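Contents: one structure, followed by commentary.
The values are calculated or read from the model by the stated rules, or taken from the named source; none is laboratory data. Computed from a prediction, not measured in an experiment: that's the story for all the values here. Counting neighbours? That spans all protein chains shown, and the Cβs are built from the backbone with ideal geometry, glycine included.
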Amino acid sequence: MDEFLNYFQADLFIPELNATTKEELLTEMVNYLAAHRNLKDTQLILEMLKHREDLGSTGIGYGIAIPHGRTLSVSELLVVFGKTTKGVDFDAIDGQPVHLIFMIVAPPQEQSNVYLPFLGKLVELLKTPGVREQLQEATTFQEFISIFSGEF
């Protein structure tokens, strides 16, 4: 579990997103990531995420979206976690607005191949009874990590 939690960084936690549309949400999260990780090619990341959304929404239901993909713009798996109290229409499979967003970007090839196992573990944890509701209430990075650690 600790290895899983290591991919969440305090400076990539957004306690309240400002976006009101899916496109604004993706742009806000990519810009946030770029600002905190000094990434240059934000347009490439944004285009990759939009292309992934065109294939099918990453809004998995229950108020959760997990936009994700691989890009040459990063050299390691990065996760930005954000919340929006008001909710954003993300074309989710259940038609409900999303409130919890996990944006995952990974390089095209990784030595450790953690991208898909990480994604699977995240979905598994988000299906755990009570976790989504607790994450909605979390206001700090430490509360967020405690929920995933089972210490909340």
Tell me whether segment 75-82 contains one or more residues that are modelled with pLDDT under 95, farther than 24 Å from E124 by Cα and either part of a loop (DSSP other than H, G, I, E, B) or of a type outside the set (D, E, K, R) (or both).
yes
Could we say that I93 is of a type in the set (V, I, T), assigned to a loop (DSSP other than H, G, I, E, B) and either modelled with pLDDT of 90 or more or touching a His at 6+ places or on another chain (Cβ under 6 Å) (or both) here?
yes
Within the group P117, P108, which residue is free of Cβ contacts under 8 Å to residues at least 60 places away in the same chain and either part of a loop (DSSP other than H, G, I, E, B) or among the hydroxyl-bearing types (S, T, Y) (or both)?
P108
Would you mention how many residues in segment 120-141 are in a helix (DSSP H, G or I) and touching a residue at least 12 places away in the same chain (Cβ under 8 Å)?
11
Does T20 satisfy being hydroxyl-bearing (S, T, Y), closer than 23 Å to R132 by Cβ, at pLDDT 95 or above and in a loop (DSSP other than H, G, I, E, B)?
yes
Can you tell me which residue in segment 128-142 is farthest from G63 (Cα to Cα), limited to those that are of a type in the set (S, T, N, Q) and modelled with pLDDT of 90 or more?
Q142
Working only within segment 25-45, note down all residues that are free of Cβ contacts under 8 Å to residues at least 60 places away in the same chain and closer than 19 Å to V98 by Cα.
T27, E28, Y32
By residue number, the members of segment 126-142 that are β-branched (V, I, T) and closer than 14 Å to I64 by Cα are T128, V131
Go through (1) surrounded by fewer than 16 Cβ atoms within 10 Å (Cβ to Cβ); (2) farther than 23 Å from T139 by Cβ; (3) touching a helix residue (DSSP H, G or I) at 6+ places or on another chain (Cβ under 9 Å) one by one and return the number of the condition N31 breaks.
(2)
